[in-house]
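The structure appears below as structure tokens.
The values are calculated or read from the model by the stated rules, or taken from the named source; none is laboratory data. In this text the structure is predicted, and so the values were computed from the model without any measurement. All Cβ positions, glycine included, derive from the backbone under ideal geometry; neighbour counts span all protein chains shown. What goes into the accessible areas is simple: the full protein's heavy atoms, side chains included, and nothing from ligands, DNA or RNA. Shrake-Rupley method; radii C 1.70, N 1.55, O 1.52, S 1.80 Å.
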Amino acid sequence: RDYLHVQINFTPFWEKPPFFFWLQALSMKVFGINEFAARFPNALCGIVTLASLFYIGKREASRNMAIWWVLFMAGSFTPHLYYKSGIIDPWFNLFIFLSLYQCIKVSLADKNSKTDLNYVYAGLFAGLAFITKGPVALLVIGLCVLVFTAFNRFRFFFTFRQLMLGIIPFVFIASVWVAAEVNQNGFHVLVDFINYQIDLFKNPVAGHGQPFYYHALVLLAGCFPASLFFIAGVRLGYIEPDRQHFFRWMSIMFWVVLVLFSSVTTKIVHYSSLCYIPLTCIAAAFTHHLLSSGKRLHPAFYVAFGIMALVIGVLLTAIPFIDSLKPHIIPYIKDEFAVDCLSVPSPWSGYEIIPGLLFVMVYVFFILLSIQQRALTAIRLLFLGSSLLIPMYLYIVVPNVEAYSQRPAIEYYRQLSTQPVYVETLGHKSYAQYFYAQSKPRPDNSIDWLMSDKTDKPVYFVAKTTYVKNNRDERLEEVSRKGGFVLLRKK
């Protein structure tokens with residue numbers, strides 16, 4: 001019941017500020033402690049984000065462009081999935097975007113368009129971003145402002161007084177978290193927090209090291225099909241001169257985020273998720289121009305689309321056949337844990353192929369309608385179809401896929417949640433045991449203590465099969481084994 005200090009397993013957790021966890025706690029007060037409540041804040045964020053995109057797109061371009069922007073965001077894979085998750089980034093990215101939008105408004109050459117409130121709002125949203133995920137918010141906003149200023153020969157679009165109008169609300173919002181932490185734990189908390197953020201940039205954390213081009217590939221595949229429209233329209237030469245200011249900022253936002261997180265050693269899929277907003281914005285602007293001008297897409301676009309649609313369509317359709325494909329797939333898999341995970345029989349009934357086939361049909365009809373020069377109908381079908389089929393695929397197919405990955409471990413945690421026991425992972429890091437096993441405080445959180453004779457309750461561990469194979473411990477006995485996980489009990 002300590003709502004000012006973030007904790008994990010009842011110990012201080014200084015890596016993240018508390019705002020998103022406040023939202024989740026409030027949601028759980030309303031809906032109970034369950035997965036729906038954990039994800040509900042991001043579902044709400046998705047609604048707010050789409051409404052914001054429509055409002056801003058209509059204001060800065062046109063109503064039609066705003067509609068396309070919303071459709072492109074909802075009809076691309078990772079942007080759609082993003083708001084069904086329980087991760088921090090959706091609110092974090094929304095606040096950064098709204099703060100940058102205020103910067104866009106005050107950076108216009110027209111002095112009459114500026115108001116003091118714009119600077120206040122910019123600082124307010126930056127402060128909210130800060131208490132959502134930390135100082136990286138200032139880094140992203142600052143880099144975008146710096147790049148824009150550099151392109152304008154370092155002519156700043158704000159005075160010192162206006163800068164203070166933004167700093168004051170930022171400090172006020174940020175101090176809600178910072179003051180509470182410093183008051184309870186001292187200034188070393190901030191030092192530890194900042195050092196951790198620096199470590200994320202310098203070193204691959206938790207095995208998340210990937211090549212430099214990782215996020216470019218993630219955006220290309222994850223934001224399909226909007227990513228191809230973005231590539232086609234990335235040069236912005238088709239934008240009317242009086243509308244270019246906003247879209248230049250969107251371009252700066254995209255490239256700053258992509259280059260920044262491609263340079264960071266730790267690479268996780270959602271790190272580049274802020275790119276979704278400018279990517280779909282530019283894709284929508286290009287599409288609106290294409291349709292209003294009557295121009296046709298370059299043949300190379302259809303070649304790239306055909307290749308990606310073929311690969312994605314085959315994968316989406318083939319997944320329900322994974323049980324029958326196992327004998328052909330497993331000999332090529334070098335990861336023993338993945339092979340063990342696939343040993344779980346999943347209850348495929350056959351109808352799970354339908355969403356994948358519908359995706360393929362949408363892609364085929366898009367190309368056929370485009371050949372018939374019915375571009376408007378083709379693009380509408382592509383993104384409306386995707387925005388409807390993605391949730392269908394999530395509902396019908398993904399639960400069966402989850403049976404191979406984490407379900408055995410989750411089932412162990414749930415079974416133990418009603419018993420007076422200690423539950424922990426062994427050999428790998430996870431937070432799932434704290435949620436699903438409904439962990440209670442314990443005298444010592446270390447593995448050494450759990451392995452000792454000092455424990456006052458039975459102790460269970462969930463480990464990967466590969467860990468058990470390579471690490472024999474006479475103090476532990478195997479209780480159960482399923483898929484890639486083993487349930488162990490301390491003797």
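Condition first: β-branched (V, I, T), assigned to a strand (DSSP E or B), closer than 18 Å to E478 by Cβ and at pLDDT 90 or above. Can you find one or more residues in segment 451-459 that meet it?
Within segment 451-459, one or more residues are β-branched (V, I, T), assigned to a strand (DSSP E or B), closer than 18 Å to E478 by Cβ and at pLDDT 90 or above.
Quick one: in segment 70-99, of everything that is over 25 Å from V136 (Cβ atoms) and assigned to a helix (DSSP H, G or I), which residue is least open to solvent (accessible area, probe 1.4 Å)?
F72
Any residue in segment 82-111 that's free of Cβ contacts under 8 Å to residues at least 24 places away in the same chain: show its pairings with residues that are open to solvent by less than 20 Å² (accessible area, probe 1.4 Å) at Cβ separation under 7 Å, as long as the two are six or more apart or on different chains.
Listed by first residue and then by second, the contacts come to Q102/N118; Q102/A122; K105/N118.
Look at Y82 and say whether it is hydroxyl-bearing (S, T, Y) and closer than 28 Å to Q438 by Cβ.
So Y82 fits the description; yes.
Scan segment 432-456 for residues that are open to solvent by less than 70 Å² (accessible area, probe 1.4 Å) and over 22 Å from S405 (Cβ atoms) and jot them down.
R442, D444, N445, S446, I447, W449, L450, M451, S452, T455
Does F172 qualify as being surrounded by fewer than 19 Cβ atoms within 10 Å (Cβ to Cβ), touching a residue at least 12 places away in the same chain (Cβ under 8 Å) and more than 17 Å from F261 (Cα to Cα)? Steps first, answer last, please.
On the way: surrounded by fewer than 19 Cβ atoms within 10 Å (Cβ to Cβ): yes; touching a residue at least 12 places away in the same chain (Cβ under 8 Å): yes; more than 17 Å from F261 (Cα to Cα): yes.
The answer is yes for F172.
Quickly run through segment 176-185 and pick out the residues that are surrounded by 14 or more Cβ atoms within 10 Å (Cβ to Cβ) and without any contact (Cβ under 8 Å) to a residue 24 or more places away in the chain.
Across segment 176-185, the qualifying residues are V178, V182.
Can L108 be described as over 18 Å from the mean Cα position of the chain (by Cα) and modelled with pLDDT of 95 or more? Explain how you work it out, then say what you get.
Values: over 18 Å from the mean Cα position of the chain (by Cα): yes; modelled with pLDDT of 95 or more: no.
Here the answer is no, as L108 does not meet what is asked.
Suppose we keep only residues that are modelled with pLDDT under 90 and of a type outside the set (G, A, S) within segment 336-347. Which one would you say is most open to solvent (accessible area, probe 1.4 Å)?
Going through the qualifying residues, I end up with P345.
Just to verify a result, which residue in segment 1-19, among those that are more than 19 Å from F92 (Cα to Cα) and not in a loop (DSSP other than H, G, I, E, B), is modelled with the lowest pLDDT?
Here the answer is P12.
Of everything in segment 291-306, what is over 11 Å from Y363 (Cβ atoms) and not hydroxyl-bearing (S, T, Y)? Give them in sequence order.
L291, G294, K295, R296, L297, H298, P299, A300, F301, V303, A304
Does at least one position in segment 186-209 carry a residue that is open to solvent by 20 Å² or more (accessible area, probe 1.4 Å), under 19 Å from the mean Cα position of the chain (by Cα), on the phi > 0 side of the Ramachandran plot and modelled with pLDDT under 95?
Yes; the residues of segment 186-209 include at least one that is open to solvent by 20 Å² or more (accessible area, probe 1.4 Å), under 19 Å from the mean Cα position of the chain (by Cα), on the phi > 0 side of the Ramachandran plot and modelled with pLDDT under 95.
Yes/no per residue for (1) assigned to a helix (DSSP H, G or I); (2) surrounded by fewer than 24 Cβ atoms within 10 Å (Cβ to Cβ):
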residue	(1), (2)
I239	no, yes
R248	yes, yes
S262	yes, yes
S272	yes, no
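Against the definition (open to solvent by 70 Å² or more (accessible area, probe 1.4 Å), without any contact (Cβ under 8 Å) to a residue 24 or more places away in the chain and under 24 Å from K16 (Cβ atoms)), how does L138 come out, yes or no?
Values: open to solvent by 70 Å² or more (accessible area, probe 1.4 Å): yes; without any contact (Cβ under 8 Å) to a residue 24 or more places away in the chain: yes; under 24 Å from K16 (Cβ atoms): yes.
In short, yes.
Here is a list of conditions, (1) open to solvent by 20 Å² or more (accessible area, probe 1.4 Å); (2) of a type outside the set (S, T, N, Q); (3) within 22 Å of A137 (Cα to Cα), and H215 meets all of them except one; can you say which number that is?
Every condition holds for H215 apart from (1).
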